Amino acid sequence: MPVNGDMSLDIQIVQKHLAYQSVARDIHVYGAVASTNAVLRTLAANGASDGTVVIADEQTEGRGRHGKQWFSPPAVNLYLSALFRPNITPRSAGGFSFVGSLALCDAIRGEGLEATIKWPNDVLVEGKKVAGVLAECATVETRVDYVMLGFGVNLNVTHKTLMTAMGQSGHFAGSLADLAGREINRNAFAAALLNHLFRWVATYRTDGPTPVLAAWRDRDILTGRRVEVRGEGPSYEGRVLGVDTQGCLLVRDSPGEVHRVLAGEIRLSD
Ligand code: BTN
């Protein structure tokens, strides 16, 4: 049963729910696109300004981290990319991207669900991954040109559809509607996500990474856990010590060496 009688994406409804005028002044809403990150990358190359947002109803080539497919069926979920031009060094981009998972947790809490974060930006409810962020950073010489954050959120897709599309990995995925026991309004959720996102970006800009990292650490589920790290040379096991100020995961392996994980894939092993 559609919420408010209409579940289609509507830019005017999204804008009506935005908290203040400076949130996402330039929003582009599409039907089907290959990937909202790809659309926004083209806009960025043509000079799109800080805060530009692309939302699509469906993605035909949605991508997650490590080049994996991001299942993006029409009419049910949220696929949203936002462009920022922060005055940071490329080394700080990983920590900056934490604003993404923080905003997701806040928007999900607004739906009455508690969310946690699995490094770097996976968002889980009751142990199921419901959302993820694909962060892309473009540099010019030694400075950041832009950071793009691409959000995929399973809002109303059913567990059965996830299982059919994702096979066994569907067991680890969930949707907010299944977890909340009711349909989620896509327009209201998109606006809530943007409100929280722009607030966290403003916090980063005025106060630097410290408050963002502190809030991120409060929601982090990996610190203290044993994990397997894959995708950065030979895989290894170790215990997570936390994250550093640049957003790298710190993992101590059995011989005692501490690794800074920049982009690896993490599996819980305890
Ligand atoms: C992950 O957890 O692996 C990140 C998933 C990010 C998916 C989103 S959907 C909107 C944007 N466009 C893409 O192609 N990917 C991101």
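What the table below lists for this structure:
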read-out: Solution diffusion estimate, µm²/s, Stokes-Einstein, the chain, Kirkwood Rh from C-alpha pairs, 20 °C, viscosity 1.002 mPa s; value: 114
read-out: Dimensionless Rg ratio for the range 130-270, taking C-alpha atoms and the 2.2 N^0.38 Å reference; value: 1.24
read-out: Convex hull volume per residue for the range 170-228, taking Cα atoms only, in Å³; value: 135
read-out: Relative packing of peptides 72-78, 20-26 - highest average C-beta neighbours within 10 Å first; value: 72-78, 20-26
read-out: Label point 7 Å beyond Cα of residue 8 along Cβ direction - residues of the range 17-47 with amide nitrogen under 12 Å; value: 31
read-out: 84, 71, reordered so the largest accessible area comes first (probe 1.4 Å); value: 71, 84
read-out: Paramagnetic reach from residue 230 (point 7 Å along Cα→Cβ, amide N under 11 Å) across the range 245-270; value: 265-268
read-out: Within the chain, helix-based [θ] at 222 nm, where runs of 4 or more DSSP H residues each add -39,500 (n - 2.57), nearest 500; value: -8500 deg cm²/dmol
read-out: Within the chain, longest stretch clear of exposed GluC sites (Glu not before Pro) (DSSP loop, no more than 12 other Cβ within 10 Å); value: 142-256
read-out: Average Cα contact separation per residue, the range 11-219, under 8 Å, 6 or more apart, as relative contact order %; value: 23
read-out: Among 16, 118, 128: highest mean-square fluctuation, GNM of the chain, C-alpha pairs under 10 Å; value: 16
read-out: Using θ = phi - 60° and Karplus 6.51 cos²θ - 1.76 cosθ + 1.60, couplings along the range 157-168 (whole Hz; Gly, Pro as x); value: 5, 7, 4, 4, 5, 4, 5, 5, 7, 10, x, 4
read-out: Pairs beyond 29 Å (Cα-Cα), from 16/160; 68/128; 118/160; 16/68; value: 16/160; 16/68
read-out: Contour minus Cα-Cα distance for residue 75 and residue 126 (0.36 nm per residue); value: 15.9 nm
read-out: For the range 55-159, alpha-carbon Rg relative to the globular expectation (2.2 N^0.38 Å, N residues); value: 1.10
read-out: Modelled FRET efficiency - R0 22 Å, residue 145 with residue 263, Cβ distances, 0.05 increments; value: 0.70
read-out: Inter-probe distance in nm under a simple model that places probes 7 Å from Cα toward Cβ, at residue 46 and residue 160; value: 4.2
read-out: Residues whose placed amide H lies under 5 Å from that of residue 135, excluding near-sequence neighbours; value: 150
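The values are calculated or read from the model by the stated rules, or taken from the named source; none is laboratory data. Everything quoted here is computed from the prediction, not taken from an experiment. Reconstructed Cβ throughout: ideal geometry from the backbone, glycine too, with neighbour counts over all protein chains shown. With ligands, DNA and RNA removed, areas are computed over all heavy atoms of the protein, side chains included. Shrake-Rupley method; radii C 1.70, N 1.55, O 1.52, S 1.80 Å.
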